[in-house]
Amino acid sequence: MTQYFTVESTSDHIRILRMGSPDKPVTVLGEPLLRELNDLVDELSDDKEVQGLVIIGAKKDFALGADINDISQFDTPEETRDGALKMQGILNKLEKLPFPTVAAIDGQCLGGGLELTLACQWRIVTETSTLALPEIQLGLIPGGGGTQRLPRLIGIQDALDLILTGKRVSGKKAVKLGLADACVHPTQLERVALQYATKNKDKKLMALNAKSLSKDLPRWAAEHTPIGRAFVEKKAREMVEDNTKGFYPAPFKALDAVFDGFEKKLEKGLELEAKLFSELAHTRESKSLVHLFHATTAAKRNAYADAGKAKFGDKVPEQVGVVGSGFMGAGIATVLADKNVRVLLSDPNKDSTKRALTSAYKFFAKKAKRGRIKPFELSQKMAHISPGLNTQGFGSADVVIEAVFEDLGLKQEILAQVESRAHESLVFASNTSALPIGKIAAKSKHPERVLGMHFFSPVEKMPLLEIIVTDKTADWAVDRAFRLGQKMGKQIIVVKDSPGFYTTRALAFFMAEAALILEEGSNIEEIDEALTDFGFPVGPITLMDEVGIDVGIHVLESMTEAFGDRIKTPAGLDSVQQSGRLGRKNGKGFFTYEGGKKGKPDESIYDMMGQTRQYKFLPAEDIADRCVYVFINETIRCLEEGILLSAYDGDIGAVFGLGFPPFLGGPLRYVDHLGAENVYNTLKSLEERYGARFSPPALLKKHVDAGTRFFPDEK
């Protein structure tokens with residue numbers, strides 16, 4: 001009795017295996033499915049009547065890879081290696097079947113699913129299929145033969161492009177690479193696969209053998225001679241070092257597996273792959289990235305869906321009003337138009353609106369140039385944006401997003417204008433980064449329809465959306481914002497209303513600490529380098545210039561008003577602002593700028609930060625500790641106060657919105673890694689030296705006393 005495979009047979013003795021997980025909407029290659037596949041392959045090997053085999057997905061997607069939970073169950077690298085070897089053994093049996101084998105691929109074919117197809121002689125894909133080896137994004141390498149079979153099939157350089165990035169390729173691209181043998185319409189997939197099941201071909205993995213490469217001698221020389229491979233490997237390692245800055249071990253292990261394995265017979269290469277895979281599975285980096293995978297998966301569940309469905313069914317907002325065509329408003333409108341949402345863009349400043357439309361056009365033109373959209377789609381995308389000088393036509397919008405300057409009175413005025421024309425289910429969202437939503441909604445006629453949608457700059461690139469809800473916000477209104485955020489492709493967290501919410505509050509404490517260290521005597525480069533060496537993409541001083549010095553100071557003032565002496569900001573920042581410095585946007589900040597490019601630190605900043613300031617060396621570790629621990633402390637406090645609804649949300653917000661190093665998993669996962677007691681003791685030490693902002697929260701002390709973790713189910 002098969003559970004994961006339905007077995008069929010044609011009149012000419014071709015077996016069809018329809019693969020699908022019975023208890024899940026998608027197919028994953030968990031241990032039970034692989035065990036069943038192993039038994040079926042053994043039966044097929046002994047059946048003398050079988051003339052060919054087709055493996056096809058029984059669900060929308062072919063397979064989404066191995067079950068990450070199975071991997072997490074292994075306690076030691078040795079157990080993990082044995083698990084990888086068992087999967088490899090099953091696929092080796094599939095590869096050695098004495099008749100043609102065909103993988104018929106539609107939808108997503110990822111990770112272990114793609115490795116399964118590589119063990120087949122033929123791969124037929126559809127125009128709607130997507131193929132990838134995304135293990136690198138979990139701090140792993142393919143463990144089911146991907147680092148060995150793929151380079152032998154399509155060549156080392158093309159294989160590395162997929163293995164090192166986890167990039168997804170379409171069916172047509174897969175054929176072009178040599179990864180697939182034919183690309184067909186989904187309705188023709190099974191018919192064509194059955195035709196291929198009658199064809200024999202040399203089962204050696206030599207699609208890029210010397211004969212075919214003779215048409216491309218430079219590539220042949222680079223991949224099929226020891227000197228050429230050594231050169232390619234050297235360049236690949238340099239690229240990986242530049243891209244990862246040494247924080248991620250998986251890309252280096254991938255290079256070891258590919259280049260060392262290519263020199264060996266397939267069997268020995270697979271053993272090497274299993275060994276390297278098992279070593280990575282037990283690293284802090286991989287565990288942290290797997291943690292983020294679980295966190296983002298959990299965050300996709302819309303807790304407000306029932307309330308929205310009761311009112312609107314499954315309907316997603318189709319028309320959105322955006323008030324303000326500045327940098328943020330323009331970005332929001334562009335992303336909405338890109339997702340085919342109709343946008344009403346309002347701004348009394350015609351020049352600002354013109355710049356917004358120009359920015360959107362450049363965004364879509366770049367996508368067209370890269371082949372991500374058809375040329376004719378550029379005009380279609382632009383047609384989704386309808387500019388105007390006021391909110392006159394906003395009465396038909398499903399959601400209105402206000403993205404104007406951080407002025408409470410102005411935001412309240414815009415809300416009143418929108419409400420005067422709104423229908424009964426229109427949701428008003430403010431893109432404020434710090435003002436409490438409750439204050440914005442204080443004069444609202446319908447506060448249950450008001451919430452925050454905090455986007456991050458640039459909106460076109462930054463993945464996070466922070467939805468802020470008050471005690472009065474209706475669940476159906478949150479659902480509207482959540483569905484719209486999902487439509488925009490954003491990673492979403494929902495937080496409770498408070499000054500700075502979560503992300504702005506944590507970031508404010510982080511940047512304020514860096515500014516204090518600057519005022520105390522450390523140099524700009526030392527501060528930035530300490531945090532980039534820790535793993536942040538940019539240092540906090542650079543970040544102030546990127547955010548805008550005026551915006552940063554406004555936020556710090558708001559935080560000071562809310563938290564008093566718990567947040568300490570240097571007086572010297574006022575002098576910096578009064579000098580007319582706004583940061584990158586006016587080419588004048590903590591750094592010098594020429595032609596829009598950041599240069600060296602502006603030495604005059606040191607005088608502005610205090611006439612009596614003298615250079616004082618502070619070790620990089622101490623700089624990083626002060627900035628990181630104050631960040632961690634506020635994250636824990638936000639969870640303790642109920643601003644964060646889950647620990648997962650704290651890590652998602654920090655990593656996807658604020659640049660906290662992904663290889664550490666987020667501030668709360670990092671606490672679990674260090675140990676709550678160690679973090680508590682460090683905070684106490686910092687509190688004694690620097691003050692109340694480092695005072696450990698009661699929630700952290702609770703974990704210390706109980707010996708518990710923020711994520712007790714994770715190893």
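The values are calculated or read from the model by the stated rules, or taken from the named source; none is laboratory data. Just so it is clear, the model here is predicted, and its values are computed rather than measured. In this analysis, Cβ positions are derived from the backbone assuming ideal geometry, glycine residues included, and neighbour counts consider all displayed protein chains.
Against the conditions (1) touching a residue at least 40 places away in the same chain (Cβ under 8 Å); (2) touching an Asp or Glu at 6+ places or on another chain (Cβ under 6 Å); (3) farther than 25 Å from residue 353 by Cα, where does residue 445 fall short? Just the number, please.
(1)
Give the number of residues within the stretch 227-250 that are in contact with an Asp or Glu (Cβ under 9 Å, 6 or more places away or on another chain) and under 19 Å from residue 277 (Cβ atoms).
Matching residues across the stretch 227-250 total 3.
Does the stretch 553-562 contain any residue that is outside any helix (DSSP H, G or I) and hydroxyl-bearing (Ser, Thr, Tyr)?
no
So which pairs qualify, if the first residue must be in the stretch 291-316 and under 30 Å from residue 673 (Cα atoms) and touching a residue at least 12 places away in the same chain (Cβ under 8 Å), the second must be among the charged types (D, E, K, R) and surrounded by 13 or more Cβ atoms within 10 Å (Cβ to Cβ), the Cβ gap must be under 7 Å, and the two must be at least 6 apart or on different chains?
Cβ pairs passing all conditions: 291/669; 291/714; 292/651; 295/651; 299/649; 302/479.
Would you confirm whether or not the stretch 470-479 contains a residue that is buried (at least 17 other Cβ atoms within 10 Å of the Cβ) and under 24 Å from the mean Cα position of the chain (by Cα)?
The answer is yes, given that some residue of the stretch 470-479 is buried (at least 17 other Cβ atoms within 10 Å of the Cβ) and under 24 Å from the mean Cα position of the chain (by Cα).
Tally time: how many residues in the stretch 359-385 are closer than 21 Å to residue 405 by Cα and either out of contact with any Lys or Arg (no Cβ under 9 Å at 6 or more places or on another chain) or touching a residue at least 40 places away in the same chain (Cβ under 8 Å) (or both)?
1
Scan 642, 657 and give me the residue that is at positive phi and at pLDDT 95 or above.
Within the list 642, 657, the selection yields 642.
For the stretch 401-438: of the residues being without any contact (Cβ under 8 Å) to a residue 40 or more places away in the chain and assigned to a strand (DSSP E or B), which is surrounded by the fewest Cβ atoms within 10 Å (Cβ to Cβ)?
430
Filter the helices (runs of 4 or more DSSP H) completely within the stretch 107-213 down to those with at least 1 residues that are modelled with pLDDT of 95 or more and either outside the structural domain of residue 373 (by TED's automatic domain parsing) or out of contact with any Asp or Glu (no Cβ under 8 Å at 6 or more places or on another chain) (or both).
112-118, 146-154, 156-163, 171-177, 189-196
Only residues that are touching a Leu at 6+ places or on another chain (Cβ under 8 Å) and either free of Cβ contacts under 8 Å to residues at least 40 places away in the same chain or not in a helix (DSSP H, G or I) (or both): list them for the stretch 671-715, please.
Once the filter is applied, which keeps residues that are touching a Leu at 6+ places or on another chain (Cβ under 8 Å) and either free of Cβ contacts under 8 Å to residues at least 40 places away in the same chain or not in a helix (DSSP H, G or I) (or both), the stretch 671-715 yields 671, 676, 680, 695, 696, 710, 711.
Does residue 483 meet the test of being within 19 Å of residue 637 (Cα to Cα), among the basic types (Lys, Arg) and either part of a strand (DSSP E or B) or modelled with pLDDT of 95 or more (or both)?
no
Looking at the stretch 367-375, is at least one residue surrounded by 14 or more Cβ atoms within 10 Å (Cβ to Cβ) and under 24 Å from residue 486 (Cβ atoms)?
yes
Within the group 563, 590, which residue is more than 19 Å from residue 503 (Cβ to Cβ), of a type outside the set (Lys, Arg) and surrounded by 16 or more Cβ atoms within 10 Å (Cβ to Cβ)?
590
Just to be sure I understand, how many residues within the stretch 566-580 are in a loop (DSSP other than H, G, I, E, B) and over 18 Å from residue 514 (Cα atoms)?
Number satisfying all stated conditions: 2.
Only residues that are in a helix (DSSP H, G or I) and surrounded by fewer than 16 Cβ atoms within 10 Å (Cβ to Cβ): list them for the stretch 222-243, please.
Hits for the stretch 222-243 are 226, 227, 230, 231, 234, 235, 237, 238, 239, 241, 242, 243.
Those residues that are surrounded by fewer than 19 Cβ atoms within 10 Å (Cβ to Cβ) and hydrophobic (A, V, I, L, M, F, W, C), I need them from the stretch 658-710; list them, please.
Hits for the stretch 658-710 are 674, 692, 698, 699, 704, 706.
Residue by residue through the stretch 459-480, note down the ones that are of a type in the set (A, V, I, L, M, F, W, C) and over 29 Å from residue 632 (Cβ atoms).
Those that are of a type in the set (A, V, I, L, M, F, W, C) and over 29 Å from residue 632 (Cβ atoms): 474, 476, 477.
Could you list, in sequence order, all residues of the stretch 386-400 that are of a type outside the set (D, E, K, R) and either under 27 Å from the mean Cα position of the chain (by Cα) or surrounded by fewer than 23 Cβ atoms within 10 Å (Cβ to Cβ) (or both)?
Once the filter is applied, which keeps residues that are of a type outside the set (D, E, K, R) and either under 27 Å from the mean Cα position of the chain (by Cα) or surrounded by fewer than 23 Cβ atoms within 10 Å (Cβ to Cβ) (or both), the stretch 386-400 yields 386, 387, 388, 389, 390, 391, 392, 393, 395, 396, 399, 400.
Only residues in the stretch 568-580 that are in the same structural domain as residue 630 (by TED's automatic domain parsing) count as the first member; pair them with residues that are assigned to a loop (DSSP other than H, G, I, E, B) and at pLDDT 85 or above, Cβ under 9 angstrom, at least 6 apart or cross-chain, and list the lot.
568/691; 576/589; 576/590
Please specify each residue of the stretch 244-269 satisfying the condition of being among the basic types (Lys, Arg) and part of a helix (DSSP H, G or I).
Selection gives 253, 268.
Scan the stretch 294-324 residue by residue and report those that are of a type outside the set (Gly, Ala, Ser), under 30 Å from residue 77 (Cα atoms) and either in contact with a Ser or Thr (Cβ under 9 Å, 6 or more places away or on another chain) or surrounded by 14 or more Cβ atoms within 10 Å (Cβ to Cβ) (or both).
Answer for the stretch 294-324, where residues must be of a type outside the set (Gly, Ala, Ser), under 30 Å from residue 77 (Cα atoms) and either in contact with a Ser or Thr (Cβ under 9 Å, 6 or more places away or on another chain) or surrounded by 14 or more Cβ atoms within 10 Å (Cβ to Cβ) (or both): 294, 296.
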